Amino acid sequence: MSDPSLPRATREMVERRRNLAPGAEDAFRAFSKAVFAEGALDKRTKQLIAVAVAHVTQCPWCIEGHVKAARSEGASPEQIMEAIWVAAEMRAGASYAHALKAMQAMGDGAD
């Protein structure tokens, strides 16, 4: 299900974005290419990390793009879902950990 308030990227929109700030667009593309290149981490692992982060940042374009990229790098559906569960735990874990800050503010924690 797509959100009608979120535009689909079209060739025209992408070209317009680049024309508005070509230096930044080119720098971002080079940065992205460098980040996802084979390195100490293989490309599949990097895409699985990106899938997890995309779920935490809740970017629908990133979710779609990185799931597809992870699959093209050989990630299984089970690996992708496991990455998503890691993201869910990390997001929930932040709330869990920050409960200590709330307890401190209530006067129930160590100062």
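The values are calculated or read from the model by the stated rules, or taken from the named source; none is laboratory data. Keep in mind it's a predicted model, so treat the numbers as computed, not measured. When we count neighbours, we look across all protein chains shown, and the Cβ atoms used for this are built from the backbone with ideal geometry, even at glycine.
Considering only residues of region 1-31 that are surrounded by 11 or more Cβ atoms within 10 Å (Cβ to Cβ) and of a type outside the set (A, V, I, L, M, F, W, C), which is nearest to residue 69 (Cα to Cα)?
Once the filter is applied, the top-ranked residue is 29.
Here is a list: 75, 54. Which entry is modelled with pLDDT of 95 or more and in contact with a Cys (Cβ under 8 Å, 6 or more places away or on another chain)?
54
For residues that are over 18 Å from residue 94 (Cα atoms), part of a helix (DSSP H, G or I) and of a type in the set (Gly, Ala, Ser), tally how many sit in region 48-78.
So the count comes out to 5.
Here is a yes/no grid of residues against (1) in a loop (DSSP other than H, G, I, E, B); (2) outside the structural domain of residue 84 (by TED's automatic domain parsing); (3) modelled with pLDDT of 95 or more; (4) of a type in the set (Gly, Ala, Ser):
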position	(1), (2), (3), (4)
23	no, yes, yes, yes
29	no, yes, yes, no
33	no, yes, yes, no
45	no, no, yes, no
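Residue 82: of a type in the set (D, E, K, R), modelled with pLDDT of 95 or more, within 21 Å of residue 94 (Cβ to Cβ) and assigned by TED's automatic domain parsing to the domain that holds residue 94, yes or no?
Against the criterion (of a type in the set (D, E, K, R), modelled with pLDDT of 95 or more, within 21 Å of residue 94 (Cβ to Cβ) and assigned by TED's automatic domain parsing to the domain that holds residue 94), residue 82 qualifies.
Look through region 20-39, keep the residues that are among the aliphatic types (A, V, I, L, M) and under 26 Å from residue 77 (Cβ atoms), and return whichever of them is nearest to the chain's Cα centre (by Cα).
Among those residues, the one meeting the criterion is 35.
What number of residues within region 32-71 satisfy the criterion of being surrounded by 16 or more Cβ atoms within 10 Å (Cβ to Cβ) and more than 22 Å from residue 87 (Cβ to Cβ)?
Adding up the residues that qualify gives 0.
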